[in-house]
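Accompanying notes for the structure given below.
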Amino acid sequence: MECYNIAYSSVFARPGAWRPPHGEDGLSLAIGFFDGVHRGHAEVICEAVRIGLSRGLKPAVLTFDPHPRLVLGQDPERVRVLTPLEDKIRLLEALGVRIVYVIEFDRDFAGVPAERFVRELLLPMGVQTVVIGFDFRFGRGGAGDAETLRTAGDGRIDVRVVGPVVADGVKTGSSEIRERLEAGDCEGAARMLGRPYEIRGVVVGGDERGRQIGFPTANLSLKHPYVLPRHGVYAVVAQLADKGPDRPLAGVMNVGVRPTFAGGDNAPRVEVHLFDFSGDLYGREMTVSLRHFLRPERQFASVDSLVEQIRLDAAQARSLLRDTVAER
């Protein structure tokens, strides 16, 4: 798959000078931030792919990085994402996208009027079809919509609008998925995503509390600012980057501040205990797929009480994950 970045200066500083790096092929283009690449996004993207294949156009996506809210001044701690760009590109490729254009979103780009966006970017790209979600807005102040695409494109762009996808009786959306994760409802989030929610990081050294109590854990330093689920214990399936796609590992994950142990800070930690695994994990990349919420994080009266609860958590997780891991 081809991936290209687009900076404000390369397109709008010298109007008419920019030429798309993919060449002169016509595009069937889905536009959006697509955080999560959830079922609603997949409908938009797959429609662009379908149209592209039927009309001899290259299926493409135009997305943005970083998150527009971050550029517009929101607290970075509040602007966490479901799918960082690297994960997003991988998911787009799996849906059949051939080209991804990434707008390097900054305040200059945020100030581009919607009409200029169409005339100076989309038309020179060779866009013949645009597919957007029903609530998509673009351009300065979010003033652009489907009708803007049609009028500013002088009738040269076929615009398709995809309606909402409903799951559990509500509209599938990135905000709704975040709410479910923050409530510990990883199964509800998975129904909206169309797959289990995943986070990815590198295993780093810790204080070895888990090893000392008989449950060694991999301390995960997240590679990106992922949305973290509710503090608590989860049944998970992990994958090590160098183990291949056929080596899933069942386990339990704790997200939280470990209140039973005094002297820690308030920064949440992500710790994973893998079943039936031995070996050195330090420095290895791990992807963790959340399958079931087991219980909230809580403080125990003693370490012995905590150990007994971890044994129960592990037994419950093994039971829940038995068929999931066996299927892989």
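Checked against the criterion of being outside any loop (DSSP other than H, G, I, E, B) and more than 23 Å from L72 (Cα to Cα), the candidates R211, R178 yield just one match: R211.
Quick check: anything in the range 49-62 loosely packed, with under 15 Cβ neighbours inside 10 Å, at pLDDT 95 or above and in a loop (DSSP other than H, G, I, E, B)? The answer is yes, given that some residue of the range 49-62 is loosely packed, with under 15 Cβ neighbours inside 10 Å, at pLDDT 95 or above and in a loop (DSSP other than H, G, I, E, B).
Restricting the search to the range 180-207, which residues are touching a strand residue (DSSP E or B) at 6+ places or on another chain (Cβ under 6 Å) and under 28 Å from R284 (Cβ atoms)? G184, C186, P196, Y197, E198, I199, R200, G201, V202, V203, V204, G206 - these are the residues of the range 180-207 that are touching a strand residue (DSSP E or B) at 6+ places or on another chain (Cβ under 6 Å) and under 28 Å from R284 (Cβ atoms). Scanning the range 1-54 for residues that are under 21 Å from V131 (Cα atoms) and among the basic types (K, R) yields R39, R50. When D168 is tested against the conditions (1) without any contact (Cβ under 8 Å) to a residue 40 or more places away in the chain; (2) more than 20 Å from L294 (Cβ to Cβ); (3) surrounded by 17 or more Cβ atoms within 10 Å (Cβ to Cβ), the lone failure is (3). Criterion applied to R200, R160, R156, R258 was being outside any strand (DSSP E or B) and on the phi < 0 side of the Ramachandran plot, and the one residue passing it is R156. Criterion applied to G184, G163, G188 was being loosely packed, with under 15 Cβ neighbours inside 10 Å and farther than 21 Å from K88 by Cβ, and the one residue passing it is G163.
The residue list V112, V100, V166, V131 contains one member that is closer than 30 Å to G188 by Cα and in contact with a Phe, Trp or Tyr (Cβ under 8 Å, 6 or more places away or on another chain), which is V100.
Per-residue answers, yes or no, for (1) more than 30 Å from V112 (Cβ to Cβ); (2) assigned by TED's automatic domain parsing to the domain that holds L85; (3) in contact (Cβ under 8 Å) with a residue 40 or more places away in the chain:
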site: L149; (1), (2), (3): no, yes, no
site: T172; (1), (2), (3): no, no, yes
site: M192; (1), (2), (3): yes, no, yes
site: A218; (1), (2), (3): yes, no, yes
site: R230; (1), (2), (3): yes, no, yes
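If the condition is being within 15 Å of L57 (Cα to Cα) and either over 25 Å from the mean Cα position of the chain (by Cα) or not in a strand (DSSP E or B) (or both), then the range 125-153 contributes M125, G126, V127, Q128, T129. Looking at G232, G283, G244, G251, just one residue is modelled with pLDDT of 95 or more and more than 16 Å from E297 (Cβ to Cβ), and that residue is G251. Restricting to the range 7-48, name every residue that is assigned to a loop (DSSP other than H, G, I, E, B), surrounded by 20 or more Cβ atoms within 10 Å (Cβ to Cβ) and either in contact with a helix residue (DSSP H, G or I) (Cβ under 6 Å, 6 or more places away or on another chain) or not assigned by TED's automatic domain parsing to the domain that holds F138 (or both). Within the range 7-48, F34, D35, G36, V37, H38 meet the criteria.
For the range 300-327, a residue qualifies if it is surrounded by 12 or more Cβ atoms within 10 Å (Cβ to Cβ) and assigned to a loop (DSSP other than H, G, I, E, B), and exactly one does: F300.
The values are calculated or read from the model by the stated rules, or taken from the named source; none is laboratory data. What you see is a predicted model, and the numbers here were worked out from it, not measured in a lab. Positions of Cβ are backbone-derived with ideal geometry, glycine not excepted, and every protein chain shown enters the neighbour counts.
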